[in-house]
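Below you'll find the structure, written out as structure tokens, and then a few comments.
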Amino acid sequence: MTDIVVTAQRRREKAQSVPISITSVSGAQFEKTGYIGLTDLQYVVPGVQYNPTQGAAFQIRGVGSSSFDLSNAKSVNVVVDDVVMDNQRDNGLIGLTDVASIDVLMGPQGTLFGKNSTSGVISLTTNKPVLGKLSGNFYGSYGERNDHIVNGTVNVPIGENAALRVSAFQQGQDGAGRYVTLNRNLNRVDEVGVRAKLLYAPTDRLELVLAGEYTRHYDTSVRTPVGGPAGSSFAPSAAITAQMAALGVVANEKNTDSLDSQLGSITMVNKGGSLHVNYQLGEHTLTSITAYRETSYVNVTPADLLPNNVSAYLPFNVGKLYSNKFSEEVHIASPTGRFFEYLVGGFYNKLNATQSQVQWGPLGGPVYNAAGVGIPVLSANTGANDPVTGKLLGNTVRFTSYNETAAVFGQTKFTFTPQLSLTLGGRYNYDWNGQTIGYFDTDPVALTGYRPSFTAAATSIAPTADFRTGRKNAGHFTYRIAPQFTISPDVMLYATYSTGYKPGGIAYVGNKYDPYNAETVKSWEVGVKSEFLDRRVRLNFDLYSSSYHDFQATILTPVSTGVGGFILASAIGNAPGLRSRGFEGALTIKPTRAFTIGGVVTYNDSKFTDYVASPTANYTGTRLTNAPRWSFTINGDYGTEISSALKINAHVDYAYRSATQTVTGAMLGDWLAPAVSNADGTKTPNASYSFIPAYGLVNTRVSVAKINDTVEVGVYARNLFNTYFSTGYQIYGNLGLLHYSTPAAYRTIGGYAKFKF
């Protein structure tokens, strides 16, 4: 069995010798599953979830922050080639082309990876240029619903000391749903991108890698109506339901069609570059990582159930985000294999973001009459009235935010005997975070086709001028202690105690001024990593428990009006107590040279231990959203020669996750059950409408290839048994219950070909 090499401690090491729970997936392994995006990692690695609602974010061990607010840091740090992807909408890498490995580090990793790592890290490493070798590969596939991937990589030597590696891709799929009014596809995905790396090694001691990337993601996703029990808050009116059915859309839990008159879409463009410099100072390695990145994100999400000449709620709902970040890290690492090893360094990162949002509509009733004439007044949910004068400040809201961090960090390892060692690490961060809210007028003609006047929604009152800018500056120290004991060369026991934090900040949600506190976590983990039977069996197991204080979540919380009072609003706030605990196990068996079977299982019990958001919203004791108790994967690979020139390859994998909920609250089983009354007088809301039953997905592929792997042709099936599932639910005003779906919830069968030289 081959060794898995990871960079979990910012240097290349065998995964079996690192005292951290790690699941590592090679680029080749991920390709076999048929998935195309990093968000699909949730179907490959148990313990990883991705929440597409509330701003979208990853979770590890059930914990993650989902927020529309750019002032809020992630809980799961996505790192690509040692560069932190800290924009809330930036998932790090679109198009997993020419990827060497994806390492998922479970639990707090703030010592070496920084503040955005309170529940874990997803670290991607792309392939580096190779000196003196001309090589390349091409991959193409096509399947149902226009499912397609086309990508290629070429490695070109430039003299003796340099090489250039370029990868490009285009991929996508048509969704299973329809925009009936527009006769367009719903949930279609299109992605394109190019990445280049230039390696220059003028001496044996100096290596420079200059990298650049451009990627574009586009999809036509939107929430679609589910409805609910007639007459309940989960369902629109009977008249609207009847009109929808007459136009061909029946609201239910598998509905993926929409009658919106506007095309919902997300367009995201990422571009940036980095410079990695490694210099050998005697036996030490000095590393510098300089990076710059820009992200633009346009989210068009109409919120209607009918064509807007019949009835509309918020048909004009457009968000635009632009961000840029600069980061610099310098660290020096000692040689390994000594009694005393160390890595020390410094880090600086600044993320600037500007975000604007338009939400206009009649909040019920048509926008246009039978003659196509628009109504004279629209509500501007993203406008705000001055709290003193009552004057409308603008029909559009704009947020500008900055998140700046400076840190010093270090990690040491003492090897007392060949069997016993101790790792100690620490990091001090200082953060400058701030955000400003402002209002301006957007010319409506481009969106509406005419020029209405606007009135702010009744609850849209802006903070006073003194409360439209806020900042929070603070420092914090985190640390890690990890003893490990090697019983034999193939069996290692370890324990880890680590702390982590996310800085506090200023949010404006619902036009309300809302400072929130820093989030901290204390976590322990004990585990064993082992190999048996001449390394034909690899077995790893760990137990963990993490306790969070002031977890940052989007909750109903009292926020200042700026004029001496408070009102309850949906905003980023702090849940005082949260706990995540469970176990993880991984087993890989290679009984013969031709066959490998393996699996990973996770049990996670994550819930709020103290979370009274208001007298009518007590979530204490409820489970975290998108956090299945059980999740596991099983995969098998078989390859054998069928002639002197050809071989056959076969792969199958199965991913299971138990039932979850996507909205914070009790899973009572009955949509219409009332809130639970608690002994302290508070109530726990009923969120049973957000229940997602357990499901499992099977992927498989079979191919014939040349012995030297230069040519491979095969067929694939993703979600072989056509298992449907929703990915999230929302109650959206008088539209009732809506949900999200994904192309992964439908069977896709196709063929592919690969070529190498």
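The values are calculated or read from the model by the stated rules, or taken from the named source; none is laboratory data. Remember, predicted model here, so these are calculated numbers, not experimental data. Don't worry about glycine lacking a Cβ; one is built from the backbone with ideal geometry, like all the others, and counts go over all protein chains shown.
Results for (1) out of contact with any helix residue (DSSP H, G or I) (no Cβ under 9 Å at 6 or more places or on another chain); (2) of a type in the set (Val, Ile, Thr), shown as yes or no for each residue.
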site	(1), (2)
THR336	yes, yes
TYR342	yes, no
GLY346	yes, no
LEU351	yes, no
VAL358	no, yes
GLY364	no, no
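Return yes or no: is SER123 more than 23 Å from PHE757 (Cβ to Cβ), part of a strand (DSSP E or B), out of contact with any helix residue (DSSP H, G or I) (no Cβ under 7 Å at 6 or more places or on another chain) and of a type in the set (S, T, N, Q)? In short, yes.
Per-residue answers, yes or no, for (1) within 18 Å of GLN42 (Cα to Cα); (2) crowded, with 18+ Cβ neighbours inside 10 Å:
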site: GLY636; (1), (2): no, no
site: GLU641; (1), (2): no, no
site: ASN649; (1), (2): no, yes
site: GLN661; (1), (2): yes, yes
site: VAL676; (1), (2): no, no
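One residue alone among ALA251, ALA235, ALA211 is crowded, with 21+ Cβ neighbours inside 10 Å, hydrophobic (A, V, I, L, M, F, W, C) and closer than 30 Å to THR287 by Cα, and that residue is ALA211. Candidates are the residues of the stretch 662-678 that are among the small types (Gly, Ala, Ser) and more than 18 Å from GLN49 (Cβ to Cβ); the one that is farthest from the chain's Cα centre (by Cα) is SER677. The residues in the stretch 430-441 that are surrounded by fewer than 22 Cβ atoms within 10 Å (Cβ to Cβ) and either part of a strand (DSSP E or B) or of a type in the set (Ser, Thr, Tyr) (or both) can be counted, and the count is 6. Against the criterion of being touching a Gly at 6+ places or on another chain (Cβ under 7 Å) and touching a residue at least 12 places away in the same chain (Cβ under 8 Å), VAL180 qualifies. Only one of the listed residues (THR723, THR700) is among the hydroxyl-bearing types (Ser, Thr, Tyr) and within 21 Å of HIS148 (Cβ to Cβ). That residue is THR700. Quick check: is even one residue across the stretch 538-557 over 27 Å from SER65 (Cα atoms) and part of a loop (DSSP other than H, G, I, E, B)? No, the stretch 538-557 contains no residue that is over 27 Å from SER65 (Cα atoms) and part of a loop (DSSP other than H, G, I, E, B). Looking only at the stretch 36-63, residues that are within 20 Å of VAL601 (Cα to Cα) and part of a loop (DSSP other than H, G, I, E, B) come to 6 in all. Being under 22 Å from GLY438 (Cβ atoms), of a type in the set (S, T, N, Q) and either in a strand (DSSP E or B) or without any contact (Cβ under 8 Å) to a residue 60 or more places away in the chain (or both) is true for just one of THR478, THR499, THR455, THR486. Which residue is that? Just one listed residue meets the conditions, THR455. For ARG701, the stated conditions do not hold, so it cannot be described as crowded, with 21+ Cβ neighbours inside 10 Å, closer than 20 Å to LYS254 by Cβ, touching a residue at least 60 places away in the same chain (Cβ under 8 Å) and of a type outside the set (S, T, N, Q).
Among the residues of the stretch 716-748 satisfying the criterion of being surrounded by 15 or more Cβ atoms within 10 Å (Cβ to Cβ) and among the β-branched types (Val, Ile, Thr), which is farthest from TYR43 (Cα to Cα)? Selected residue: ILE731. Restricting attention to the stretch 52-61, the residues that are crowded, with 23+ Cβ neighbours inside 10 Å and over 17 Å from ILE94 (Cβ atoms) total 3. Output the residue which, of all residues in the stretch 112-127 that are touching an Asp or Glu at 6+ places or on another chain (Cβ under 9 Å) and not β-branched (Val, Ile, Thr), is nearest to ALA553 (Cα to Cα). Among residues in the stretch 112-127 that are touching an Asp or Glu at 6+ places or on another chain (Cβ under 9 Å) and not β-branched (Val, Ile, Thr), the one nearest to ALA553 (Cα to Cα) is ASN116. Of the residues that make up the stretch 95-105, is at least one at pLDDT 80 or above, outside any strand (DSSP E or B) and farther than 29 Å from ILE158 by Cβ? No, there is no match, as no residue in the stretch 95-105 is at pLDDT 80 or above, outside any strand (DSSP E or B) and farther than 29 Å from ILE158 by Cβ. Just to verify a result, which residue in the stretch 260-279, among those that are at pLDDT 95 or above and over 23 Å from the mean Cα position of the chain (by Cα), is surrounded by the most Cβ atoms within 10 Å (Cβ to Cβ)? Here the answer is HIS276. The residue that is modelled with the lowest pLDDT, counting only those in the stretch 688-698 that are crowded, with 20+ Cβ neighbours inside 10 Å and within 23 Å of the chain's Cα centre (by Cα), is SER690. Does any residue of the stretch 522-532 turn out to be part of a strand (DSSP E or B) and within 23 Å of the chain's Cα centre (by Cα)? Within the stretch 522-532, one or more residues are part of a strand (DSSP E or B) and within 23 Å of the chain's Cα centre (by Cα). Among the residues making up the stretch 10-41, those that are aliphatic (A, V, I, L, M) and at pLDDT below 85 are ALA15, VAL18, ILE36, LEU38. When the strands (runs of 3 or more DSSP E) confined to the stretch 336-420 are screened for residues that are farther than 30 Å from GLY449 by Cβ, touching a strand residue (DSSP E or B) at 6+ places or on another chain (Cβ under 6 Å) and among the small types (Gly, Ala, Ser), those reaching at least 1 such residues are found at 340-361, 396-415.
Please enumerate the residues belonging to the stretch 296-329 that are among the hydroxyl-bearing types (Ser, Thr, Tyr), outside any strand (DSSP E or B) and crowded, with 22+ Cβ neighbours inside 10 Å. If the condition is that a residue be among the hydroxyl-bearing types (Ser, Thr, Tyr), outside any strand (DSSP E or B) and crowded, with 22+ Cβ neighbours inside 10 Å, then SER311, TYR313 are the ones that fit. Restricting the stretch 456-485 to residues that are of a type in the set (S, T, N, Q) and modelled with pLDDT of 90 or more, the residue that is farthest from ASP443 (Cα to Cα) is GLN484. Please go through the stretch 51-72 and give me each residue that is at pLDDT below 85 and either of a type outside the set (Gly, Ala, Ser) or more than 12 Å from the chain's Cα centre (by Cα) (or both), ordered by number. Of everything in the stretch 51-72, those that are at pLDDT below 85 and either of a type outside the set (Gly, Ala, Ser) or more than 12 Å from the chain's Cα centre (by Cα) (or both) turn out to be ASN51, PRO52, THR53, GLN54, PHE68, ASP69, LEU70, SER71, ASN72. When GLY47 is tested against (1) over 20 Å from THR625 (Cα atoms); (2) at pLDDT 85 or above, only condition (1) is not met.
From the set of residues in the stretch 618-632 that are assigned to a strand (DSSP E or B) and out of contact with any Pro (no Cβ under 6 Å at 6 or more places or on another chain), which is modelled with the lowest pLDDT? Going through the qualifying residues, I end up with ASN618. Of all the criteria given as (1) at pLDDT 90 or above; (2) surrounded by fewer than 24 Cβ atoms within 10 Å (Cβ to Cβ); (3) touching a Ser or Thr at 6+ places or on another chain (Cβ under 7 Å); (4) more than 26 Å from PHE632 (Cα to Cα), the one not satisfied by VAL83 is (2).
Residues of the stretch 604-661 that are polar (S, T, N, Q), under 22 Å from the mean Cα position of the chain (by Cα) and on the phi < 0 side of the Ramachandran plot: ASN604, SER606, THR625, SER631, THR633, SER658, THR660, GLN661.
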